[in-house]
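Here the structure comes first, spelled out in structure tokens, and everything after it is commentary.
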Amino acid sequence: VATIHQALDLGVTLIDTAHMYGWGANEELLAEALHPYPDDLAIATKVGFRQTPTDPGWRYAGAPDELREQVDEALRRLRLDRIDLLQLHRLDPGVPLADQLGALRDLRDEGKIARIGLSEVDEGELAAARAVVDIASVQNRYNLLDREHEPVLKACEEAGIAFLPWRPVAAGASGAQSEQIATIAKELDATPTQVAIAWLLAHSPVIVPIPGTSSIAHLQENLGAAAVHLGQDQYDRLTR
């Protein structure tokens with residue numbers, strides 16, 4: 001709770017959560033810490049999974065009635081009348097895409113959702129989704145050392161869609177790559193984590209990093225990346 005309050009004090013205006021994070025517990029924590037919410041704070045959450053007692057502990061839940069139920073549950077846990085950004089955590093392979101996005105479109109039209117986002121989609125899936133409903137954001141795994149979804153990022157740039165990279169810091173980087181990042185961090189009097197986030201901010205105007213933040217010290221380090229300015233040579237070295 002103290003970390004959440006410190007985030008707002010330091011100017012954070014977007015908090016990303018999900019039903020799957022503690023199966024609702026993280027949403028309840030946000031409400032406990034912040035309700036009534038500041039007017040300038042946007043809450044983003046996700047639906048599309050249900051907990052199960054068997055391995056792997058979850059199942060897809062993209063049927064329209066399930067999505068509607070999950071959105072109502074999220075509204076109740078977050079103590080909101082409308083979710084600023086509701087993201088489909090994963091596309092359900094057992095439900096037609098048009099049915100999944102159509103359900104979220106209906107919920108948006110009813111006023112329960114302000115904006116709709118997707119997570120872990122490729123460029124073809126993004127295009128198909130946009131044929132059903134306006135898409136405000138895409139949340140895919142992406143960082144300095146993992147750029148599998150570069151084509152999706154470019155599609156988001158072209159369409160003016162926010163790209164929220166999850167796992168934005170290259171965790172566990174090793175060998176020559178980590179040495180290069182550490183070298184540039186030393187040049188900038190920054191940490192390798194800050195360099196990784198600074199590269200994302202320099203790489204695309206639609207990128208909104210959402211680094212996981214578990215302590216006030218971690219929060220201060222992550223937000224400090226916004227003040228790290230890469231020179232062109234440093235950006236090019238990192239990009240290579």
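The values are calculated or read from the model by the stated rules, or taken from the named source; none is laboratory data. These numbers come from a predicted model, not from an experiment. Reconstructed Cβ throughout: ideal geometry from the backbone, glycine too, with neighbour counts over all protein chains shown. In case anyone asks, the SASA skips ligands and DNA or RNA and just uses the protein heavy atoms, side chains included. Shrake-Rupley method; radii C 1.70, N 1.55, O 1.52, S 1.80 Å.
Numbers at a glance
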item	result
Residue among LEU10, LEU86 that is surrounded by 16 or more Cβ atoms within 10 Å (Cβ to Cβ) and either under 29 Å from ALA225 (Cβ atoms) or modelled with pLDDT of 95 or more (or both)	LEU86
In region 66-78, the residues that are open to solvent by 10 Å² or more (accessible area, probe 1.4 Å) and in contact with a helix residue (DSSP H, G or I) (Cβ under 8 Å, 6 or more places away or on another chain)	ARG68, ARG77
Criterion (open to solvent by less than 50 Å² (accessible area, probe 1.4 Å), under 26 Å from ASP122 (Cα atoms) and modelled with pLDDT of 95 or more) met by exactly one of ALA170, ALA162, ALA202	ALA162
Selected residue (only one of ALA196, ALA185 is without any contact (Cβ under 8 Å) to a residue 24 or more places away in the chain, in contact with a helix residue (DSSP H, G or I) (Cβ under 8 Å, 6 or more places away or on another chain) and not in a loop (DSSP other than H, G, I, E, B))	ALA185
Output for region 19-64, where each listed residue is without any contact (Cβ under 8 Å) to a residue 24 or more places away in the chain and either in a helix (DSSP H, G or I) or among the acidic types (Asp, Glu) (or both)	ALA25, ASN26, ASP39, ASP55
Positions within region 1-18 being of a type in the set (A, V, I, L, M) and either assigned to a loop (DSSP other than H, G, I, E, B) or over 13 Å from the mean Cα position of the chain (by Cα) (or both), in sequence order	VAL1, ALA2, ILE4, ALA7, LEU8, LEU10, VAL12, ALA18
Hey, ALA217 more than 30 Å from GLY124 (Cβ to Cβ), open to solvent by less than 20 Å² (accessible area, probe 1.4 Å), without any contact (Cβ under 8 Å) to a residue 24 or more places away in the chain and not acidic (Asp, Glu) or not	no
Candidates ILE207, ILE184, ILE197 - the one that is buried (at least 19 other Cβ atoms within 10 Å of the Cβ), over 19 Å from GLN100 (Cβ atoms), over 16 Å from the mean Cα position of the chain (by Cα) and not small (Gly, Ala, Ser)	ILE184
Selected residue (criterion: most open to solvent (accessible area, probe 1.4 Å)) from residues of region 105-136 that are part of a loop (DSSP other than H, G, I, E, B) and free of Cβ contacts under 8 Å to residues at least 24 places away in the same chain	ASP134
Residue tally, condition surrounded by 16 or more Cβ atoms within 10 Å (Cβ to Cβ) and not acidic (Asp, Glu), over region 22-32	5
